[in-house]
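Read the structure below first, then the notes.
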Amino acid sequence: RRLIHLCASSASASAPPRAGLLEMVRERAARRADVDAFLASLGVDPGELVGLELPVTVDVMQERAEFLASLGLTREDLAAYPLALGCSVRKNMVPVLDYLGKLGVRRDALPDLLRRYPQVLHASVVVDLAPVVKYLQGMDVRSVDVPRVLERYPELLGFKLEGTMSTSIAYLVGIGVGRRQIGSVITRFPEVLGMRVGKIIKPFVEYLEGIGIQKLSVARIIEKKPYVLGFGLED
């Protein structure tokens, strides 16, 4: 009986007091309420970030907001894409920005790049960004031109290599665009990488053929003035 009593006493002594646990829950809820109030002060709806693991203190959240502001993003930008505030400055933002900077992306181009493709802040340099850059270089886009391509069309950083990019280039080569000209085409009109063949490129080519321009001549036009692909049939 004495042994049982000692074990019970030991277990009771090691268990955290219920009152202490409740106090911890209350403190955490209070800190989250402070963080939500800070978000609201920025014009960000805290409800947009429900379920996202956020910093437990306002200081850390303020650091993120100030860092994003230093990049040229406004409160309106944060309200439009509040998930940017879910990115760690050191773990997410700094590695991505360092990589873009080493590529040659200009500092003054960052605000527009981040507004158009803020998801880049969540990206993995190794898994997401580097393969796209390697693909561009494999398409004979010169390393010196890669940053300009990304500045003009940052959305391509989210593309999968086996998706639209590959099919659009394969189609252009198939109609006669010179393989050695592809790098120049992409550099001058990177938007072609996001154009669906069946919905945009092929109908445009077929339209030109329909008015008497031979397919090979269409290919030469695209080589010299690739931006014509952006005109669209409605234009």
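Ignoring ligands, DNA and RNA, please state the percent of accessible area on segment 103-235 from carbon and sulfur, probe 1.4 Å.
Whole-percent figure for carbon plus sulfur exposure: 54.
How many Å² of accessible area per residue for segment 195-235, probe 1.4 Å?
66
Among all the aspartates and glutamates, which ones have a C-alpha under 18 Å from residue 225's C-alpha, if same-chain residues fewer than 8 places away are not counted?
In chain and number order, the partners are 140, 145, 191, 206, 209, 235.
Using helices alone, I'd like the mean residue ellipticity at 222 nm for the chain: each DSSP H run of four-plus residues gives -39500 (n - 2.57), total over residue count, nearest 500.
-16000 deg cm²/dmol
Tell me, what HN-Hα J-couplings in whole Hz come from the Karplus equation 6.51 cos²θ - 1.76 cosθ + 1.60 at θ = phi - 60° for each residue of segment 75-83, using x for Gly and Pro?
Along segment 75-83, the couplings run 4, 5, 5, 5, 5, 6, 9, x, 4 Hz.
First measure r as the distance between the Cβ atoms of residue 227 and residue 88, then evaluate 1/(1 + (r/R0)^6) with R0 = 41 Å and state the FRET efficiency to the nearest 0.05.
Calculated value: 0.60.
Starting at the first residue of segment 138-149, write each ³J(HN,Hα) from the Karplus equation 6.51 cos²θ - 1.76 cosθ + 1.60 with θ = phi - 60°, in whole Hz, x for Gly and Pro.
Once θ is set to phi - 60°, the couplings for segment 138-149 become x, 8, 6, 6, 5, 4, 5, 8, 4, x, 5, 4 Hz.
Once phi is turned into θ = phi - 60°, what whole-Hz ³J(HN,Hα) does the Karplus curve with 6.51, -1.76 and 1.60 give for every residue of segment 216-227, x standing for Gly and Pro?
Values per residue, Gly and Pro as x: 5, 5, 4, 4, 5, 4, 5, 4, 7, 9, x, 5 Hz.
Students often get this wrong, so try it: which of (1) 50; (2) 55; (3) 44 is percent of Cα pairs over 26 Å apart as calculated from the structure shown?
Only one option fits the structure, namely (2).
Rounded to whole Å, give me the distance from the Cα center of segment 54-72 to that of segment 97-119.
Segment 54-72 and segment 97-119 have Cα centres spaced 18 Å from each other.
The values are calculated or read from the model by the stated rules, or taken from the named source; none is laboratory data. This one's a predicted model, so the numbers in the text were calculated from it and none came from an experiment. Please note: Cβ atoms are built from the backbone with ideal geometry, for glycine as well, and neighbour counts cover all protein chains shown. When the accessible area is computed, the model is the full protein with side chains, heavy atoms only, and any ligands, DNA or RNA have been set aside. Shrake-Rupley method; radii C 1.70, N 1.55, O 1.52, S 1.80 Å.
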